[in-house]
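Read the structure below first, then the notes.
No value in this document is a laboratory result; all are computed from the given coordinates. Since this is a predicted model, take the numbers as computed values, not measurements. Neighbour counts run over all protein chains shown; Cβ positions are idealised from the backbone, glycine included.
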Amino acid sequence: MARLAKTVVLVGMMGAGKTAVGTALARQLGVEFRDSDEEIVRAANRSIAEIFERDGEAFFRARETEVIGRLLRGTPCILSTGGGAFLSEANRTLIHDVGVSVWLRAELDLLWQRVRHKTTRPLLRTPNPRETLRELYEKRQPFYAKADIVVESEADRSIEDMAARVRDALKARPDVLEDKA
């Protein structure tokens, strides 16, 4: 059995599997799963859409950085972040210095298959959501590519299998996953 020495931060596009894979990975490692968006919603007592509408994106991003920082300083866990969190240089630096980032990289077609029927994606409430997703995908790829570890998301792999692939990638980092002999 291995011990998690620092928080693993899952980054990537909506639909990449950060929540599903993160939950399974936390279970496999026997640690807590946290979601930065859920933490913000709980602290603000309103939805992310309501925060954006009432206080603006800059306010939301500032709270997001505070929450990520707090969670990184806590007990090591698996942390899922919102798709835009890793675009912030401050967040990337914080995550790199205190935790480890894992990009769940998925092809655009797979992401579209996963998110096209969801109504919980405010960024996709546009006249052409597929094109909006493509634009976000292209804009965000260079930022996600700065992650410490990249794990390819594949349509035919189960959530448990994807979590095992992330766990295997973490084993290459003794500063993250320590062997408990």
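Going by how many other Cβ atoms sit within 10 Å of their own, how do Leu10, Leu29 line up, fewest first? Mind dumping the intermediate values first?
Values: Leu10 25, Leu29 22.
Sorted ascending by nearby Cβ count, the order is Leu29, Leu10.
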Completion exercise
Along segment 93-110, Karplus-curve 3J(HN,Hα) (6.51, -1.76, 1.60; θ = phi - 60°) to the nearest Hz, with x for Gly and Pro, reads 5, 4, 5, 5, 6, 10, x, 9, 9, 10, 8, 8, 8, 9, 5, 4, 4, 5
Handout entry: Relative contact order of the chain, pairs being alpha-carbon contacts under 8 Å that are 6 or more residues apart, as %
Key = 38 percent
Exercise for the section: Read phi for every residue in segment 159-166 and hand back ³J(HN,Hα) as whole Hz from Karplus 6.51 cos²θ - 1.76 cosθ + 1.60, θ = phi - 60°, with x for Gly and Pro. Expected result: 4, 4, 5, 5, 4, 5, 5, 5
Exercise for the section: Taking H placed 1.01 Å from N in the peptide plane, check which residues at least 5 places from Gly82 or on another chain put their amide H under 5 Å from its amide H. Expected result: Ser36, Asp37
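Rounded to the nearest 20 debye, what is the charge dipole size of segment 2-175 about its Cα centre when +1 sits on each Lys and Arg Cβ and -1 on each Asp and Glu Cβ?
Numbers: 29 positive and 26 negative charges, 37 e Å.
Result for segment 2-175 is approximately 180 debye, rounded to the nearest 20.
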Practice task
Using +1 at the Cβ of each Lys and Arg and -1 at the Cβ of each Asp and Glu in the chain, identify which of Val41, Thr132, Cys77 lies farthest towards the dipole's positive end.
Solution key: Val41
Fill in the blank from the handout: Answer in debye to the nearest 20: the dipole magnitude of segment 80-126 about its Cα centre, from +1 Lys/Arg and -1 Asp/Glu charges placed on Cβ, is 340 debye
Practice task
Give me the angle, in degrees from 0 to 90, between the Cα long axis of helix 129-144 and the longest principal axis of the Cα atoms of the chain, rounded to the nearest 10.
Solution key: 40 degrees
Exercise for the section: First check a/c for segment 2-175, with a ≥ b ≥ c the square roots of the eigenvalues of its C-alpha gyration tensor; if it is under 1.5, answer rounded, and if not, answer prolate when a/b is larger than b/c or oblate otherwise. Expected result: oblate
Exercise for the section: Neighbouring Cβ atoms within 10 Å as the yardstick, rank Ser47, Ser36 fewest first. Expected result: Ser47, Ser36
Fill in the blank from the handout: Residues meeting the amide H criterion for Ala2 (H placed from the backbone, H to H distance under 5 Å, 5 or more places apart or on another chain) are Lys180
Handout entry: Mean Cβ count within 10 Å, highest first, over the residues of peptides 18-24, 73-79, 49-55, 105-111
Key = 18-24, 73-79, 105-111, 49-55
